[in-house]
Amino acid sequence: MLKAGIVGITGYAGVEIYRLLKHHPEVDDLYLVSHSKAGQDLSDVYPQFAAGSRLEKYDLEKLKKCDIVFTALPHGVSQDRVAELRGANLKVIDLSGDFRYKNQSVYEKWYNQEHRYPELLQESVYGLVELNREQLQKADLIANPGCYPTVTILGLYPLLKKVRVRKGSIIVDAKSGISGAGSSPGKTTHYCEIDENVRAYGIGIHRHTSEIEKNMEYFTGLKDLKISFTPHLVPMKRGILSTIYADIDEDISEKQLKNYYQEIYGECEFIDLLEGDSPDTKHVYASNYCQIGINFDTRTSRAVVVSAIDNLGKGAASQAVQNMNVMFSFAEKCGLESRGIFP
């Protein structure tokens, strides 16, 4: 049985990890760290939980008693904490963007800040279990993927791995619920801004563009991959729907295309390949599942792949727990069996 620490417990991802680990059959103790709410009970911040879970200040000596530590902190802030935890030889799953790149200069360009621990970039393993399972089994530091990259890479990978795609033709149109912006209130995320509104943002400059490109290059072996990625905020709490367009440079049928996806994902616990349907975010709500619909437009020779996840689930917290399961050789679905909540 594991003791797990959660550093950054009061953010949306942190508290979702708590919700999952509280009922995980292989976890029997939790150490909860909050900078802003230390001394309070978790139920004071999130009343849906029973009293009895005290929030503590960050204390490395106490964290050393943990078997695994989840860091759910903003990028930049996470660097120092992860370095300290790894210096104490603790296993870490980090949910920030700080360790998702091997190339220090790429991180610094897209995040516009220095990376102070380039040696940890080489140690970290990108935590997309479906494509990186063997490396994750040996990992001590896992970089949990971003929500947009998760839904996009899972939808796009078989296409780039198995089919000749016209260079420069990949377009990703992704829409996310507002919880992806985090729990801190802001002008663009309060009710009057979001309700009955859809907004594109970060067009051509969103940092997840680089995370998608660089990790797709790593997984497929392709070089100088470029995608056009546009995220949107939509008036719902959680979920991401990604529509991926790619021009195909060979003769292929929709059936062949679907067979390629089945070949790669057929044995994956958390990927549903849909027949005749397009994914809905409601069908993966509060779950670790990714649903993928595969279509081929013969008129334009264009593949149109639609993928959906819960941005706080497979896009953050439940994926982190899935990574923990693989890291410790538990059953991959342990503590994550629940399907989406509907309606």
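When you scan region 240-262, how many residues do you find that are more than 23 Å from the chain's Cα centre (by Cα) and outside any loop (DSSP other than H, G, I, E, B)?
Looking only at that region, the number is 9.
Looking at region 30-53 only, could you name the residues that are under 27 Å from the mean Cα position of the chain (by Cα) and not in a loop (DSSP other than H, G, I, E, B)?
Correct list: Leu30, Tyr31, Leu32, Val33, Leu42, Ser43, Val45.
Taking Asp277 as the residue in question, decide whether it is in contact with a Phe, Trp or Tyr (Cβ under 7 Å, 6 or more places away or on another chain) and without any contact (Cβ under 8 Å) to a residue 24 or more places away in the chain.
No; evaluated as a whole, the condition is false for this residue.
Give the residue, chosen from Asp80, Asp67, Asp59, that is among the acidic types (Asp, Glu), outside the structural domain of Gly182 (by TED's automatic domain parsing) and within 22 Å of Gln319 (Cβ to Cβ).
Unique residue meeting the criteria: Asp67.
When you scan region 115-128, do you find a residue that is farther than 23 Å from Ala320 by Cβ, touching a helix residue (DSSP H, G or I) at 6+ places or on another chain (Cβ under 7 Å), in the same structural domain as Ile294 (by TED's automatic domain parsing) and of a type outside the set (Lys, Arg), even just one?
Looking for residues that are farther than 23 Å from Ala320 by Cβ, touching a helix residue (DSSP H, G or I) at 6+ places or on another chain (Cβ under 7 Å), in the same structural domain as Ile294 (by TED's automatic domain parsing) and of a type outside the set (Lys, Arg), one finds none in region 115-128, hence no.
How about region 147-183: which of its residues are assigned to a loop (DSSP other than H, G, I, E, B) and under 12 Å from Leu241 (Cβ atoms)?
Residue satisfying the conditions is Gly177 alone.
Listed here are the residues, each with its yes/no results for (1) in a loop (DSSP other than H, G, I, E, B); (2) buried (at least 20 other Cβ atoms within 10 Å of the Cβ); (3) among the aliphatic types (A, V, I, L, M).
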position	(1), (2), (3)
Gly97	yes, yes, no
Arg100	yes, yes, no
Gln113	yes, no, no
Arg116	yes, no, no
Asn132	no, yes, no
Gln135	no, no, no
Lys138	yes, no, no
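Please state which one of Ser338, Ser287 is surrounded by fewer than 16 Cβ atoms within 10 Å (Cβ to Cβ) and either assigned to a loop (DSSP other than H, G, I, E, B) or on the phi > 0 side of the Ramachandran plot (or both).
The match here is Ser338.
What number goes with the only condition from (1) under 24 Å from the mean Cα position of the chain (by Cα); (2) crowded, with 16+ Cβ neighbours inside 10 Å that His23 does not pass?
(2)
Looking at the structure I just gave you, is Lys37 in contact (Cβ under 8 Å) with a residue 60 or more places away in the chain, out of contact with any Cys (no Cβ under 6 Å at 6 or more places or on another chain) and of a type in the set (Lys, Arg)?
The answer is no for Lys37.
Here is a list: Leu55, Leu2, Leu21, Leu32. Which entry is in contact with a strand residue (DSSP E or B) (Cβ under 6 Å, 6 or more places away or on another chain) and closer than 13 Å to Ala320 by Cβ?
Sole residue among the options that is in contact with a strand residue (DSSP E or B) (Cβ under 6 Å, 6 or more places away or on another chain) and closer than 13 Å to Ala320 by Cβ: Leu21.
Hey, does region 159-173 have a residue that's in contact with a Lys or Arg (Cβ under 8 Å, 6 or more places away or on another chain), closer than 25 Å to Val92 by Cα and surrounded by fewer than 24 Cβ atoms within 10 Å (Cβ to Cβ)?
Checked region 159-173: no residue is in contact with a Lys or Arg (Cβ under 8 Å, 6 or more places away or on another chain), closer than 25 Å to Val92 by Cα and surrounded by fewer than 24 Cβ atoms within 10 Å (Cβ to Cβ).
Can you tell me how many residues within region 18-29 are among the acidic types (Asp, Glu) and outside any loop (DSSP other than H, G, I, E, B)?
Counting residues in region 18-29 that are among the acidic types (Asp, Glu) and outside any loop (DSSP other than H, G, I, E, B) gives 2.
The values are calculated or read from the model by the stated rules, or taken from the named source; none is laboratory data. The structure presented is a predicted model; accordingly, all values stated were derived computationally and were not measured. No Cβ is skipped: glycine too gets one built from the backbone with ideal geometry, and neighbour counts run over all protein chains shown.
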